[in-house]
Amino acid sequence: MFHKILIANRGEIAVRIIRACREMGIETVAIYSEADKEALHTQLADEAICIGKATAKDSYLDIKRIISAAIITGANAIHPGFGFLSENSHFSSVCEECNITFIGPTGDMMDKMGNKSQARETMIAHHIPVVPGSEGAVSHVEEGLEVAASIGYPVIIKASAGGGGRGMRIARNSDELVHSFETASSEARNAFGDDTMYIEKYVENPRHIEFQILADNYGNTVHLGERDCSMQRRHQKVLEESPSAAIDDELRTAMGDAAVKAAKAIQYRNAGTVEFLLSASGEFYFIEMNTRIQVEHPVTEMVTGIDLIKEQIRIAYGEPLGYTQEDVKIQGHAIECRINAEDPSKGFRPSPGMIDFLHMPSGKDIRVDSAIYAGYSIPPYYDSMIAKLIVFDENREKAIAKLNSAVGEFIVKGIKTNLDFQYTLINHPKFVKGEYDTSFIEKSMVL
Ligand code: ADP
């Protein structure tokens, strides 16, 4: 097994990876920015190296510094976590060139899925249903108008390089399309340095259902069931659960098979997630594949009993999966709430600063993945997610009851959080019934 792993990340996911390594007897190296001297991952790892200034581009995104840190400390593998360099194909390739194992797919696999319009083309070639839309990229607005006329409005204009819910615009008629196409492409150019755009039919009120994939280096590929991530604000996930209340066993099998086929289409390896939209009439469509571990991976861990980070490490080391699709059993129900340092009364504006008092819930099957502690000052430079609260129980009803109790017990003082917002959300009759789609927060919550 690897002797030492460098974790090219921060926050709760860095802590999560340190824990997995420790259990596996692997030494850990944390990298940290000048703003993260007091961060938990810096303190918990066996070794920690400061690699630069607070701004991510001078630290967590600086490939040369990260590789140097790995070489200096003798780490023989790098775990990228999510965000930062986790989907940077150049980083994956540089690691391989330096004889450091990148815990994730190859750069080439990332490229095939990272470009979303190209991924669509690949899926079409492999007969996996995609949302009706442009075959690949749309290079100018006239072409966009033609595509929209053939599929019908409303449509959604998306950036091929987009991610994190950014770079998307809905157009309900041709005037809107002309206007939004230009703004969306200039936004994409600024945000991602790439203004390649593509167009999809805008699916009204869909569910977002994604499948967790695990694939070893020998072509063994399984899915670990789905996560329902329909609870979103501005196309960003707020709460996730598994299994989904919206699909039955037959649909689960069909979608799971399609997800495995999507991964196999590019000979994918390591952990990945195939995302689908499920229309109100029950049709499902591929939207993208994420070639990394995801924020919401714990809900899958809770219902399958499989530790996804340990599996990523094992697979990267070259171990075979050791189980088949039939061996994967989904049991019970898990729900995750994302706890963010933000102020819902001020448009969910980030609320960094000092945590004066902290009490985190605990109890049977209550899990909190976080990197905060009382007296810790949340720096303003990074993502505002400070914790993930995950509960597990034998069915959805009991899991919601447990989540209610746990959210009510969670106390964070000194900064603003979305805890009250989450409490209102999980008590909404529509959530309780499992009847919600991606437009729920916008339509049913008073913000
Ligand atoms: P990102 O990579 O930025 O996360 P995705 O393509 O995964 O973007 O889409 C994020 C969310 O945006 C989806 O979960 C869904 O809520 C919404 N969305 C994306 N494509 C469509 C579509 N064609 N119709 C309706 N909603 C969509």
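Values for this structure:
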read-out: Single residue of the range 302-353 satisfying the filter (touching a Lys or Arg at 6+ places or on another chain (Cβ under 9 Å) and of a type in the set (Asp, Glu)) that is nearest to Ile400 (Cα to Cα); value: Glu336
read-out: So Met113, is it in contact (Cβ under 8 Å) with a residue 24 or more places away in the chain and surrounded by fewer than 17 Cβ atoms within 10 Å (Cβ to Cβ); value: no
read-out: Residue within the range 257-271 that is more than 10 Å from the ligand (Cβ to nearest atom), touching a Gly at 6+ places or on another chain (Cβ under 6 Å), more than 20 Å from Arg169 (Cβ to Cβ) and touching a residue at least 60 places away in the same chain (Cβ under 8 Å) present; value: yes
read-out: Residues of the range 152-191 classified as within 12 Å of the ligand (Cβ to nearest atom), closer than 19 Å to Ala119 by Cβ and surrounded by 17 or more Cβ atoms within 10 Å (Cβ to Cβ), total; value: 11
read-out: Output for the range 258-305, where each listed residue is within 19 Å of Ile124 (Cα to Cα) and part of a helix (DSSP H, G or I); value: Ala258, Ala259, Val260, Lys261, Ala262, Ala263, Lys264, Ala265
read-out: Scope the range 192-207; condition within 24 Å of Gly83 (Cβ to Cβ) and surrounded by 23 or more Cβ atoms within 10 Å (Cβ to Cβ); matching residues; value: Met197, Tyr198
read-out: Selection from the range 426-447 of residues that are modelled with pLDDT of 95 or more and away from the ligand (no atom under 16 Å from the Cβ); value: Ile426, Asn427, His428, Pro429, Lys430, Phe431, Val432, Lys433, Gly434, Glu435
read-out: Residue identified as touching a Phe, Trp or Tyr at 6+ places or on another chain (Cβ under 7 Å) and of a type in the set (A, V, I, L, M, F, W, C) among Ala271, Ala259, Ala265; value: Ala259
read-out: Residue ID - farthest from Met1 (Cα to Cα), chosen from residues in the range 78-130 that are part of a strand (DSSP E or B) and among the hydrophobic types (A, V, I, L, M, F, W, C); value: Val130
read-out: Filter result (more than 17 Å from Ile209 (Cβ to Cβ) and touching a helix residue (DSSP H, G or I) at 6+ places or on another chain (Cβ under 7 Å)) within the range 428-446; value: His428, Lys430, Val432, Ser444, Met445
read-out: Output for the range 167-225, where each listed residue is of a type outside the set (A, V, I, L, M, F, W, C), touching a Gly at 6+ places or on another chain (Cβ under 8 Å), within 24 Å of Gly305 (Cβ to Cβ) and not in a loop (DSSP other than H, G, I, E, B); value: Gln212, His223, Gly225
read-out: Residue ID - surrounded by the fewest Cβ atoms within 10 Å (Cβ to Cβ), chosen from residues in the range 230-246 that are part of a loop (DSSP other than H, G, I, E, B) and at pLDDT 95 or above; value: Ala245
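The values are calculated or read from the model by the stated rules, or taken from the named source; none is laboratory data. Predicted, not measured: the structure shown is a model, and the values here were computed from it. All Cβ positions, glycine included, derive from the backbone under ideal geometry; neighbour counts span all protein chains shown.
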